[in-house]
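Written out below as structure tokens is the structure these notes cover.
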Amino acid sequence: MAKPKARKMSQAVSTQPVLTEDATLSHYDRAGRATMVDVSGKAPSVRTAEASARIVMGAKVMGALARNPKGDPFEVARIAGIQAAKRTWELIPMCHPVALAFVDISYTVCEDGVSLLSRATTTAGTGVEMEALTAVSVAALTVYDMCKALDKGIEIRCIRLEQKQGGKSGEYRR
């Protein structure tokens, strides 16, 4: 079975993927089986990533955020996101356990909801994109959980990597 092809980002800061003929998905061996990437030869370096999510909610929920009887949904979501980042390797099968130097979640209240941003940093031999994405995803789910009593129609949108720095593939900015 041939290795599946994938898009590869150029090493320069880019907002568009650069397709190359030799690009392959890294989590498959020559037989096409899913495998963990061997990062034992990679030098440790500072690697950072940021990911975002958008939570869209109605005015009723927005107005009730400050008086949520379950507590401050954003502080609970921040803690949940940090915990999730530290356990990413247990949730995503081919992720490496990464010693995180820093993880945090920030939020901005908008007219129709909330924007979340996660930041993760390590000094490991592999990046922290998955940790940042997991952190912001779980933080968004936590906000939903804490507010769903008022509106089950809350939407979580646009979970995405915003930027990453460090490692062989260099810098990426959305």
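Things to note:
- Condition check for Leu117: in a helix (DSSP H, G or I) and under 17 Å from Gln163 (Cα atoms): no
- Test: Met130 is aliphatic (A, V, I, L, M), on the phi < 0 side of the Ramachandran plot and open to solvent by 20 Å² or more (accessible area, probe 1.4 Å): yes
Residue by residue, here is whether (1) in contact with a Phe, Trp or Tyr (Cβ under 9 Å, 6 or more places away or on another chain); (2) modelled with pLDDT under 95 holds:
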residue: Thr88; (1), (2): no, no
residue: Pro93; (1), (2): no, yes
residue: Pro97; (1), (2): yes, yes
residue: Leu100; (1), (2): no, no
residue: Ile105; (1), (2): yes, no
residue: Glu111; (1), (2): no, yes
residue: Leu116; (1), (2): yes, no
residue: Arg119; (1), (2): yes, no
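- If the condition is being farther than 15 Å from Ala135 by Cα and open to solvent by 30 Å² or more (accessible area, probe 1.4 Å), then the stretch 146-166 contributes Lys148, Ala149, Leu150, Asp151, Lys152, Gly153, Glu155, Gln165.
- Condition met for Ser137 (under 16 Å from Glu162 (Cα atoms) and either open to solvent by 40 Å² or more (accessible area, probe 1.4 Å) or in a helix (DSSP H, G or I) (or both)): yes
- If you filter the stretch 79-90 down to residues that are more than 19 Å from Val39 (Cα to Cα) and of a type in the set (A, V, I, L, M, F, W, C), you find that the one that is surrounded by the fewest Cβ atoms within 10 Å (Cβ to Cβ) is Ile79.
- Filtered residues of the stretch 40-78 (kept if loosely packed, with under 14 Cβ neighbours inside 10 Å and in contact with a Ser or Thr (Cβ under 8 Å, 6 or more places away or on another chain)): Pro44, Val46
- Number of the condition not met by Thr122 [criteria: (1) open to solvent by less than 70 Å² (accessible area, probe 1.4 Å); (2) within 21 Å of Ala53 (Cα to Cα); (3) of a type in the set (Ser, Thr, Tyr); (4) touching a helix residue (DSSP H, G or I) at 6+ places or on another chain (Cβ under 9 Å)]: (2)
- Residue count for the stretch 101-119, restricted to those that are under 28 Å from Lys168 (Cβ atoms), hydrophobic (A, V, I, L, M, F, W, C) and open to solvent by 50 Å² or more (accessible area, probe 1.4 Å): 2
- One residue stands out in the stretch 20-42 among those that are in a loop (DSSP other than H, G, I, E, B), modelled with pLDDT of 65 or more and over 16 Å from Gly127 (Cα atoms): the one that is nearest to the chain's Cα centre (by Cα), namely Thr35.
- Of the residues Ile79, Ile55, the single one that is within 25 Å of Lys152 (Cβ to Cβ), of a type in the set (A, V, I, L, M) and in a strand (DSSP E or B) is Ile55.
The values are calculated or read from the model by the stated rules, or taken from the named source; none is laboratory data. Treat the numbers as computed from the prediction; the structure is a model and nothing was measured. Glycine also receives a Cβ, built like all others from the backbone with ideal geometry; neighbour counts cover every protein chain displayed. When the accessible area is computed, the model is the full protein with side chains, heavy atoms only, and any ligands, DNA or RNA have been set aside. Shrake-Rupley method; radii C 1.70, N 1.55, O 1.52, S 1.80 Å.
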